[in-house]
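One structure below.
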Amino acid sequence: MEMEVTTTAGYKAAVFYEQFLVKGVFKYWTPLLLQRAGPKPGERVLDVACGTGVVARQMVPLVGGEGDVTGLDINPMMLAVACQQFSDHCSEIEWQEGQAENIPFPDQSFDLVTCQQGLQFFKNQLKALQEMYRVLKPGGRVALEVFMSPECNVFYQHVFEVLASRFNVPITDLTAPFDFGEPEELEGMLITAGFRGLRNDDVRQEVHFAEPEHFVEMVIKSSAAVIPAFARINDSENTELSQEVQNELSGFLEQQTKDGVLTFPMFANIATAIR
């Protein structure tokens, strides 16, 4: 799939998403997801809500030349960044625009479906899981990773409390990445969708951010791809707000910084099941 590179705000947000969230957060979580997903040589794999492709890229050598990797995302700008910044993978991965609730592939097309930090953003989560079930072959597997609640991820909880105050919005407007964090809800929905052999682990993993002095600015810019409240502010407003919040959080961030790197734990549920 060929992608047109643009300079729109949406494309910039996707670039920041790759540069900040992928490199600071998701690259540390992806190996844990893949370890539980267990991709095998020759398998056909679909990564739902693939973003800029961190899971799909690491999947390629695991399924090998006889395997096949597809990345699906509703946001064409994410796919554009995936193809532009990692052009060598464009011949190895099929990038497909589409909704998780209406996956554009026939029944029983894949051996494995993965979804890293996407389920919480879907409008109809059960329908998305039913679609994952539909496109899996009998005996195929699903592997999902979803952050636990803000109360478990206390670092981000504190940052979002300060941001919500500065933005004058309810904190729930900012916490979408942590809005599907109850394991019982995830497990129940997988069972309702038809899956069996369910395993769900609550997992702790440290994440690392260089340049902690720009942490707040990068949180706002990179999260604009998935949090509407951040997408609504322009660059000049972002710079002013970011500096104000950065100053307010400076002592808190310094406590978590060692050798110039901001480091803190995050907690997620990683669930696997069988069709």
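The values are calculated or read from the model by the stated rules, or taken from the named source; none is laboratory data. Keep in mind that this is a model prediction, so the values were computed, not measured. No Cβ is skipped: glycine too gets one built from the backbone with ideal geometry, and neighbour counts run over all protein chains shown. Accessible surface is based on the protein model in full, side chains and every heavy atom, while ligands, DNA and RNA are left aside. Shrake-Rupley method; radii C 1.70, N 1.55, O 1.52, S 1.80 Å.
Accessible area of residue 152 (1.4 Å probe, protein heavy atoms only, ligands and nucleic acids ignored): about 50 Å². Summing Lys and Arg as +1 and Asp and Glu as -1 over all other residues whose Cβ lies under 15 Å from the Cβ of residue 98 gives a net charge of -3.
Counting only alpha carbon atoms, the long axis of helix 235-255 and the longest principal axis of the chain meet at about 90°. For the range 157-172, the Karplus equation 6.51 cos²θ - 1.76 cosθ + 1.60, evaluated at θ = phi - 60°, returns couplings of 4, 5, 4, 5, 4, 5, 4, 4, 5, 5, 7, 6, 10, x, 4, 5 Hz by residue, with Gly and Pro reported as x. Compared with the dominant Cα axis of the chain, that is its longest principal axis, helix 27-37 is turned about 20°.
Basic side chains Lys and Arg get +1 at the Cβ, acidic Asp and Glu get -1 at the Cβ, and with that the dipole of the chain about its Cα centre reaches some 760 debye.
For trypsin sites (Lys or Arg not before Pro), the sites in the range 26-131 that DSSP calls loop and that have at most 16 other Cβ atoms within 10 Å are 123.
Backbone geometry of the range 62-72 corresponds, through the Karplus equation with coefficients 6.51, -1.76 and 1.60 at θ = phi - 60°, to 3J(HN,Hα) couplings of 6, 8, x, x, 8, x, 8, 10, 10, x, 10 Hz, x marking Gly and Pro.
Per-residue ellipticity at 222 nm, computed for the chain from helices alone with -39500 (n - 2.57) per DSSP H run of at least four residues, works out to -12000 deg cm²/dmol. Between residue 199 and residue 127, the simple label model (points 7 Å from Cα in the Cβ direction) yields a spacing of 3.2 nm.
Distant-in-sequence amide contacts of residue 69, defined by a placed amide H-H separation under 5 Å and a gap of 5 or more residues or a different chain, comprise 45, 94. Applying both filters, DSSP loop and at most 12 other Cβ atoms within 10 Å, to the trypsin sites (Lys or Arg not before Pro) of the range 169-254 gives 232.
Where both bridge residues fall in the chain, DSSP classifies roughly 55% of the beta bridges as antiparallel.
Among the GluC sites (Glu not before Pro) found in the range 3-75, those both in a DSSP coil and sparsely packed, with 15 or fewer other Cβ atoms within 10 Å of their Cβ, are 4, 66. Rounding to the nearest 10 and keeping the result within 0 to 90°, find how far the Cα-based axis of helix 183-192 lies from the longest principal axis of the chain. The helix 183-192 is inclined about 30 degrees to the chain. Between the listed residues 149, 233, 257, the Cα displaced farthest toward the positive end of the dipole of the range 138-259, a dipole computed from Cβ unit charges relative to the Cα centre, is found at 149. Amide H to amide H, with H built 1.01 Å from N, residue 207 comes under 5 Å of 264, 266, counting only residues 5 or more places away or on other chains.
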